[in-house]
Amino acid sequence: MSAVTDVVWRGCVVPDDLLYDVGMNVWVRPEGDVVVLGMTDIAQTMGGRMVQITWRRVGKAFARGKSVATIESAKWVGPFPTPLTGELVASNEKAFAEDIAVANRDPYGAGWIARVRPERFAEEREHLVDGHAAMEAYREFMAEHDIHCYRCAE
């Protein structure tokens, strides 16, 4: 068994054990019949410190690309899209209520955004790539926009 490695460039971390929709800046972690979704390190850096999240109703179905939350940060307001069609089964509302910058500190762990039960995972999986492929796609974007990742301090 090989160890999980993180792909790092310009301070931006992309864990290789996750799947990514690079265009949406969303990571995906399958856990049984659900997937956990969160924003990438690159996304949290581009947005800056979060200030508010508007959560969508748990139990509602969402098509791929539709917003399961609206994120407001110091630099940006916009949707957090799901890369997979399915039912929103949980949101991380409690963690963000306790620490609004949790995704700025830990985007791949405690800062997850939503859990979705995908309806068409096998079909929509083709839109997702592993960490190495994601970082290759991000390198050009990060160089073009001079992005260097950072995490909020405690």
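Checking the structure you have, find out if any residue of the stretch 92-99 is in a helix (DSSP H, G or I), over 9 Å from the mean Cα position of the chain (by Cα) and buried (at least 21 other Cβ atoms within 10 Å of the Cβ). Within the stretch 92-99, one or more residues are in a helix (DSSP H, G or I), over 9 Å from the mean Cα position of the chain (by Cα) and buried (at least 21 other Cβ atoms within 10 Å of the Cβ).
From the list Gly38, Gly59, Gly23, pick out the single residue that is assigned to a loop (DSSP other than H, G, I, E, B) and of a type outside the set (Lys, Arg).
Numbers: Gly38 fails: assigned to a loop (DSSP other than H, G, I, E, B); Gly23 fails: assigned to a loop (DSSP other than H, G, I, E, B).
Step by step, each of Gly38, Gly59, Gly23 is checked, and only Gly59 is assigned to a loop (DSSP other than H, G, I, E, B) and of a type outside the set (Lys, Arg).
Residues in the stretch 1-50 that are exposed (fewer than 15 other Cβ atoms within 10 Å of the Cβ), under 17 Å from Glu72 (Cα atoms) and at pLDDT 95 or above: there are none.
Are any of the residues in the stretch 33-47 closer than 22 Å to Ala137 by Cα, of a type in the set (S, T, N, Q) and out of contact with any helix residue (DSSP H, G or I) (no Cβ under 6 Å at 6 or more places or on another chain)? Checked against the condition, which is being closer than 22 Å to Ala137 by Cα, of a type in the set (S, T, N, Q) and out of contact with any helix residue (DSSP H, G or I) (no Cβ under 6 Å at 6 or more places or on another chain), the stretch 33-47 yields at least one hit.
Residue by residue, here is whether (1) within 16 Å of Cys12 (Cβ to Cβ); (2) hydrophobic (A, V, I, L, M, F, W, C) holds:
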{"residue": "Ile100", "(1), (2)": "no, yes"}
{"residue": "Glu123", "(1), (2)": "no, no"}
{"residue": "Glu136", "(1), (2)": "yes, no"}
{"residue": "Glu140", "(1), (2)": "yes, no"}
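Can we say Phe141 is over 15 Å from the mean Cα position of the chain (by Cα), farther than 17 Å from Ala43 by Cα and among the aromatic types (Phe, Trp, Tyr)? Walk me through it before giving the result.
Numbers: over 15 Å from the mean Cα position of the chain (by Cα): yes; farther than 17 Å from Ala43 by Cα: no; among the aromatic types (Phe, Trp, Tyr): yes.
Answer is no for this residue.
Condition check: within 19 Å of Met24 (Cβ to Cβ) and of a type outside the set (A, V, I, L, M). Does Gly111 satisfy that? So Gly111 fits the description; yes. Number of residues in the stretch 62-79 that are surrounded by 13 or more Cβ atoms within 10 Å (Cβ to Cβ), of a type outside the set (A, V, I, L, M, F, W, C) and assigned to a strand (DSSP E or B): the value is 5. When Val116 is tested against the conditions (1) in a loop (DSSP other than H, G, I, E, B); (2) at pLDDT 90 or above; (3) crowded, with 17+ Cβ neighbours inside 10 Å, the lone failure is (1).
Tell me yes or no: at least one residue of the stretch 129-142 is over 19 Å from Asp16 (Cα atoms) and either small (Gly, Ala, Ser) or at pLDDT below 95 (or both). Checking the stretch 129-142: not a single residue is over 19 Å from Asp16 (Cα atoms) and either small (Gly, Ala, Ser) or at pLDDT below 95 (or both). Sub-8 Å Cβ pairs linking a first residue in the stretch 43-66 that is more than 19 Å from Phe96 (Cβ to Cβ) to a second residue that is assigned to a helix (DSSP H, G or I) and charged (D, E, K, R), at least 6 apart or interchain, are Arg64/Glu124, ordered by first then second residue. Among the numbered conditions (1) over 24 Å from Ala133 (Cα atoms); (2) touching a residue at least 24 places away in the same chain (Cβ under 8 Å); (3) surrounded by fewer than 15 Cβ atoms within 10 Å (Cβ to Cβ), the only one that Leu88 does not meet is (3).
The values are calculated or read from the model by the stated rules, or taken from the named source; none is laboratory data. Predicted model, so just to flag it, every value in this text is computed and none were measured. Neighbour counts run over all protein chains shown; Cβ positions are idealised from the backbone, glycine included.
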